[in-house]
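Please read the structure below before turning to the comments.
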Amino acid sequence: MKLATLRDGSRDGQLVVVSRDLTIAHHASHIASRLQQALDDWGFIAPQLDDLYVTLNEGRARHAYAFDPAQCLAPLPRAYQWADGSAYVNHVELVRRARGAEMPQSFWTDPLMYQGGSDDLLGPMEDIVCADEAWGIDFEAEVAVVTDDVPMGTAAAAAGAHVRLVMLVNDVSLRNLIPPELAKGFGFFQSKPATAFSPVAVTPDELGEAWDGRKLNLPLVVHWNGERVGSAHAGTDMVFDFPQLIAHAARTRNLRAGSIVGSGTVSNKDASRGYSCIAEKRALEMIADSKPSTEFMKYGDRVRIEMFDGAGRSIFGAIDQTVAAAGRR
């Protein structure tokens, strides 16, 4: 099934069920008012939401209405946890190689992960607000999963069973703030502003054969100012799959229902598939020409991130954001 959260004037919005073709929706308040409520009692609530989903797709829902992604908050506008991995080690290797840094061998066997801000997650069409273009505004197209309760110490072999939903992500980075932050030895903070998510979150069964229980095996399409710049395949070159990332996050702590775990920037060794973030494009330019020629995003720039099924139908809807100056939203 496909679930979304619509604006209703509250912080956490209103849970709705969305049709498979993303054209109509139905309020789910008689079942659960918020997505977090559904995740907290998934075994009881999910079957009821699925019944509504079937009714909606069969055209029998009496109070269905046109679905408008512009009215969406993030599926989870506030989450208990947002932990982002770096599963596509090719991306890390390219960025490090471009600046002449050696790639530690452990990066191929032990996932990188940071804990992002989860108290203010953006809807799919909310602006990327930034106070200064000089901070190096970059998009990062990713895939993420939402878990139920994951006990501390859960092994990767069992972690996949805890995936409840799948979403798309724009994990915005302020690239020019990253080096001084990392030099402090405490990781990302100011260099990682609010993250945006796709209009809908979908259950894994909705993805069919594209979801193998570990990876989402489809291209992730990125347009920047109307130009298609990337279609990296999310299932190719993913060194650490989602069960491995979940197990890594849960090694020393419990993950509570509603935890979001990201894949990191989707990246392929085949450069002809384009790029999912500007930093990777600049890294390739540095390697080839000893200097980057592609600039980071400017005010007014627009990024669109979307994934399509084998028939060319949008699965999650699009993240479609414009960069705006602070105070000019």
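Odds and ends about this structure:
- All Cα-Cα distances of the chain, cut into 20 Å bins from zero to the largest, leave 33, 59, 8, 0 percent in each bin in turn.
- Extended-chain gain in nm, criterion 0.36 nm per residue less alpha-carbon gap, THR294 and ALA311: 2.8 nm
- Model label sites at GLN48 and ASP12, defined 7 Å from Cα along the beta-carbon direction, differ in position by 1.5 nm.
- The lysines within cross-link reach of LYS291, meaning a Cα-to-Cα straight distance under 16 Å and a gap of 8 or more places when in the same chain, are LYS281.
- In the range 246-329, GluC sites (Glu not before Pro) in a DSSP loop with at most 13 other beta-carbon atoms within 10 Å: GLU295
- Across the range 270-329, the convex hull enclosing all Cα atoms gives 108 Å³ per residue.
- In a DSSP loop and with at most 16 other Cβ atoms within 10 Å, the trypsin sites (Lys or Arg not before Pro) in the range 119-205 are LYS184.
- A 1.4 Å probe, protein heavy atoms only, puts the accessible area of ASP289 near 100 Å².
- Values of log10 I(q)/I(0), in the order q = 0.10, 0.16, 0.20 Å⁻¹, for the range 1-158 under a Debye, Cα-only, solvent-free model: -0.52, -1.04, -1.30
- Difference of contour (0.36 nm per residue) and Cα-Cα distance, ASP21 to LEU182: 53.7 nm
- Length gained on full extension, THR322 to PHE189, computed as 0.36 nm times the residue gap minus the Cα-Cα distance: 45.7 nm.
- 1.4 Å probe accessible area per residue over the chain, in Å²: 44
- Treating r as the C-beta distance of GLU58 and ASP149 and R0 as 25 Å, the FRET efficiency rounds to 0.15.
- Heavy-atom accessible surface of the range 89-214: percent carbon and sulfur, 1.4 Å: 53
- A convex hull fitted around the alpha carbon atoms of the range 1-70 yields 79 Å³ per residue.
The values are calculated or read from the model by the stated rules, or taken from the named source; none is laboratory data. Owing to the predicted nature of the structure, the values given are computational and were not obtained by experimental measurement. Virtual Cβ from ideal backbone geometry, glycine too; neighbours counted across all protein chains shown. Heads up: the accessible areas ignore ligands, DNA and RNA and are worked out on the full protein's heavy atoms, side chains in. Shrake-Rupley method; radii C 1.70, N 1.55, O 1.52, S 1.80 Å.
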